[in-house]
1. Would you mind listing the distances between the B:Glu163 label point and the same position in each other copy? Use 7 Å along Cα-to-C-beta, nm, one decimal, shortest first.
2. Rounded, prolate or oblate: which fits segment B:1-42 when a ≥ b ≥ c are the square roots of the eigenvalues of the alpha-carbon gyration tensor, with rounded for a/c under 1.5 and prolate only if a/b beats b/c?
3. How high is the FRET efficiency between B:Thr45 and A:Ala156 when r is their beta carbon distance and R₀ equals 45 Å, given to the nearest 0.05?
4. Does segment A:1-109 come out rounded, prolate or oblate, given a ≥ b ≥ c as the square roots of the eigenvalues of its C-alpha gyration tensor, rounded meaning a/c under 1.5 and, failing that, prolate meaning a/b above b/c?
5. Could you work out which residue, out of B:Gln39, B:Gln86, B:Gln107, moves most in a Gaussian network model of chain B, that is, has the largest mean-square fluctuation with Cα springs under 10 Å?
6. At a Cα cut-off below 16 Å, give the lysines reachable from A:Lys46, other chains included and same-chain residues fewer than 8 away excluded.
7. Hey, any idea what Rg/Rh is for the protein assembly as shown, computing Rh the Kirkwood way over Cα pairs?
8. Hey, got a sec? Which chymotrypsin sites (Phe, Trp or Tyr not before Pro) in segment B:100-135 land in a DSSP loop and have at most 11 other Cβ atoms within 10 Å?
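The values are calculated or read from the model by the stated rules, or taken from the named source; none is laboratory data. Keep in mind that this is a model prediction, so the values were computed, not measured. Don't worry about glycine lacking a Cβ; one is built from the backbone with ideal geometry, like all the others, and counts go over all protein chains shown. The accessibility values were calculated without ligands, DNA or RNA, using every heavy atom of the protein model including side chains. Shrake-Rupley method; radii C 1.70, N 1.55, O 1.52, S 1.80 Å.
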Protein chains: 2
Amino acid sequence: MSLRHALLGLLSERPASGYDLLKLFETSLANVWPATQSQIYTELTKLAGSGLIAVAAEGPRGRKEYALTDDGLAELRHWLTETTPQRTTRSDILLRVFFLGVLRPDQARAYLAELTEMSEESYEQLRRLSDSIDWDDGNLSVYGRIALEYGLRFNAMRREWAEWAAQQIT
Amino acid sequence: MSLRHALLGLLSERPASGYDLLKLFETSLANVWPATQSQIYTELTKLAGSGLIAVAAEGPRGRKEYALTDDGLAELRHWLTETTPQRTTRSDILLRVFFLGVLRPDQARAYLAELTEMSEESYEQLRRLSDSIDWDDGNLSVYGRIALEYGLRFNAMRREWAEWAAQQIT
DNA sequence: GTCATCATGTAACGTGTTACATGATTGC
DNA sequence: GCAATCATGTAACACGTTACATGATGAC
């Protein structure tokens, strides 16, 4: 049920169309909660149906700009304060580690080297992103920055772990 | 398509029934790839249908013990060496961080404090698990240990990050 | 004999992915 | 006029969750 809340969250900053939201997902939210075009449009229709958002303006090419309603803001706050996030995250990457024993040691090391590289790349990409953003805005800047810092620390940790792990394989 | 490979991976160690596999998921794989009973039984039927596993023995109470076939092992190796894992992981926990601006600062700090606590608990739980396992086995022990070390480092990182983040909120 | 555990299966529903389908506007 | 981009919608399918349903066996 989180796509719904991601949309409510983005709309809490400012009104936006499905197309705008798609772009926002591709840029800011892509790393924590990817969503496809079809998913976004379908969910927006449902949210409007249940009164959590409403069409605030219409533009050219059938553009519909949605805005958060009072009910929508209440639901967003409820989600943030009254519900606990899921502790378990599925990780394709970690799952493979369990089964590296069916490969030759050099193949297993190659996999871990790939992870090292992937973590480095992600780290650098986030660094560049961090440099390109102007951190003058209000709330979204404070919390966006905190999320970005998480990404940096996460990738640094993963890189070090993958290097350590490769050394464990004899 | 990873549940399929998780099952093939577990069966590469030794033959097992659906019930055995369910228990293995609950203990060893729960942290990286949770799966439900219904999902496991359905997938086993499909895997047997496509010849990647086969019923090797039948026991009391309709117990069916599955074993990996040659095709199944080939598929497992193919997955490990020829396919790249998904870089994007959905994180409920991080998603919320983006929207903490709609809450009061004390509520936002409370959320981050919750994350600190959650990370500590997970860390301790993994520590205990690490102490309780005898690390004498072969492959599964080497790679199981590497995965566990990841969990420890991850939770330590997240804890420090959450503490840092709480201080950023004025 | 009864309770816990072993053991499997299916149906309904929700969420996510891929692909198809259509068309308006703006810039050049 | 033509191409890029803006803009929305739906259908088919895969994957995951919850709940229901049933029954055998072993330990006490």
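1. Distances to the matching label points in the other copies: 2.4 nm.
2. Numbers: a/c = 1.18, a/b = 1.14, b/c = 1.03.
It is rounded, given that a/c, with a ≥ b ≥ c, falls under 1.5.
3. Numbers: r = 43 Å, r/R0 = 0.96.
For R0 = 45 Å, the calculated efficiency reads 0.55.
4. Working: a/c = 3.71, a/b = 2.08, b/c = 1.78.
Note, shape of segment A:1-109 comes out prolate.
5. B:Gln86
6. Cross-link targets: A:Lys64.
7. Values: Rg = 22.5 Å, Rh = 22.2 Å.
Dividing the radius of gyration by the Kirkwood radius yields 1.01.
8. Working: sites: B:Tyr111, B:Tyr123, B:Trp135; in loops: B:Trp135.
Passing both the DSSP loop test and the Cβ count: B:Trp135.
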